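Step one of this worksheet: look at the structure below.
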Amino acid sequence: MKRLLTIAGSDSGGGAGIQADLKTFHAFGCYGMSVLTVITAQNTQGVQGVLDLPPEFVALQLESVVNDLGVDAAKTGMLSNAEIIEALSKTIEQFNIPHLVVDPVMRSKGGHPLLQDDAQQALMAKIIPLAEVITPNIPEAEALTGMAIKTKDDMREAAKVMHNLGAKNVLLKGGHREEDAVDILFDGSEFTEYFAERIRSKNTHGTGCTYSAAIAANLAMGHQLKKAISISKKFITEAIRFSFDLGKGIGPLNHFVKVD
Ligand code: PXL
């Protein structure tokens, strides 16, 4: 059984963060492990509080997991501050974690900041260069590149700029654009596009977390990146299609869906 690790924040509401990642690993038949960076007090209506864990304790969790169980692939989600990023980057490098998927999480769906402003530089300098693939959405890509991204050409240009930050591959997700929700992968030489029908649902909490966790799981299972992304895209599309109303706000995806 493949051993999957999420390095991310806890969402007490169970829809995003560590909880979404573990549900996704499970859906793909993988063994899930977690390194918590922060604990959020959160529900479908928003984030009521964030408690950052001490950076050395974040790194200690990673050491504990790697030293005993081992890791076949990992993903990062909410990293919150520069000190946590610094501590993690050292440990990730030291242990040579394979198949690292970096979701450069910056804000919750409701707009709550999940990465401190001064931590973006650390994310770019210390974590993104370690990634096999990064999975920014449009607002995150705009923050990482300083560009305004409106058209598909803008997306391609931004993907190139982000590739120069040192990630081996960049998957720029188009879900925030109004027209076609196409995602674009840039591997340093060519572009690949991923289409999916746009499903209108208010229950999309944890979509980015679930997508990046699914990519990590499929990489661990031996799929090439392009295949890992197409399977994962199908998975989130179905998970959104069968998402459900829970709580009064943005409800969760359905992680029980099956894709082949
Ligand atoms: O979807 C980004 C995200 C990541 N991690 C945690 C979150 C959220 C969004 O709410 O709460 C812990």
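The values are calculated or read from the model by the stated rules, or taken from the named source; none is laboratory data. Quick caveat, the model's predicted, so the values are computed rather than measured. Note: ideal-geometry Cβ built from the backbone for every residue, glycine included; neighbour counts use all protein chains shown. Just the protein is used for accessible areas: all its heavy atoms, side chains included, with ligands, DNA and RNA removed. Shrake-Rupley method; radii C 1.70, N 1.55, O 1.52, S 1.80 Å.
Miscellaneous remarks
- Total formal charge among the other residues, if their Cβ is under 14 angstrom from that of Val66, Lys/Arg +1 and Asp/Glu -1: -2
- Rolling a 1.4 angstrom probe over the range 39-138 with all protein chains present gives an accessible area of which 51% lies on carbon and sulfur atoms.
- Each Lys or Arg adds one and each Asp or Glu subtracts one; over the other residues with Cβ under 15 Å from the Cβ of Met106, this totals -2.
- Take every DSSP beta bridge whose two residues both sit in the range 1-57; close to 45 percent of them are antiparallel.
- Karplus-derived HN-Hα couplings along the range 27-39 (A = 6.51, B = -1.76, C = 1.60, θ = phi - 60°), whole Hz, x at Gly and Pro: 4, 9, x, 9, 8, x, 10, 9, 10, 7, 9, 8, 10
- C-alpha center-to-center spacing [the range 217-260, the range 1-30] in angstrom: 12 Å
- In the range 77-163, one over the average inverse separation of all distinct C-alpha pairs is 13.5 Å, which is the Kirkwood hydrodynamic radius.
- Separation in nanometres of the label points that stand 7 Å from Cα toward Cβ, at Phe191 and Gln45: 4.3 nm
- Beta bridges from DSSP with both residues in the chain: antiparallel share about 40 percent, rounded to the nearest 5.
- Each residue of the range 250-258 was assigned a 3J(HN,Hα) from its phi angle through the Karplus curve 6.51 cos²θ - 1.76 cosθ + 1.60 (θ = phi - 60°); the sequence is 7, x, x, 6, 9, 7, 8, 5, 10 Hz, with glycine and proline shown as x.
- Taking 0.36 nm per residue of sequence separation and removing the Cα-Cα distance, the Leu246/Asn81 pair yields an extension gain of 56.4 nm.
- Expressed as a whole percent, the accessible area of the range 153-259 that falls on carbon and sulfur atoms is 54 (1.4 Å probe).
- According to the Kirkwood relation over distinct C-alpha pairs, the hydrodynamic radius of the range 1-49 is 11.0 Å.
- The eigenvalues of the Cα gyration tensor, multiplied by 5 and square-rooted, give the range 1-133 an equivalent ellipsoid with semi-axes of 21, 18, 13 Å from largest to smallest.
- Charge tally in the Cβ shell below 13 Å around Phe25, where Lys, Arg are +1 and Asp, Glu are -1, Phe25 excluded: +2
- Rounded Å value of the spacing that divides the Cα centres of the range 130-177 and the range 180-204: 12 Å
- Subset of Lys226/Lys248; Lys126/Lys173; Lys2/Lys160; Lys2/Lys152; Lys152/Lys248; Lys90/Lys233 violating a 29 Å alpha-carbon distance limit: Lys226/Lys248; Lys2/Lys160; Lys2/Lys152; Lys152/Lys248; Lys90/Lys233
- Value of [θ]222 nm, deg cm²/dmol, for the chain, DSSP H segments ≥ 4, -39500 (n - 2.57) each, nearest 500: -11000 deg cm²/dmol
- Given their separation in residues at 0.36 nm each and the Cα-Cα distance between them, Glu93 and Asn254 gain 54.6 nm when the chain is fully extended.
- In the elastic network of the chain, a GNM with C-alpha springs shorter than 10 Å, the most mobile of Gly206, Gly174, Gly222 is Gly222.
- Residues Met1 and Leu60, FRET efficiency given R0 of 22 Å [Cβ-Cβ distance, rounded to 0.05]: 0.35
- At 0.890 mPa s and 25 °C, Stokes D of the range 47-122 from Kirkwood alpha-carbon radius, µm² per second: 185 µm²/s
- Over 28 Å [Cα-Cα, the chain], rounded percent: 25 percent
- Placed amide H near Ala73: partners under 5 Å, 5+ positions off or other chain: Arg3, Leu5
- Surface accessible to a 1.4 Å probe, per residue, for the residues of the chain, Å²: 43 Å²
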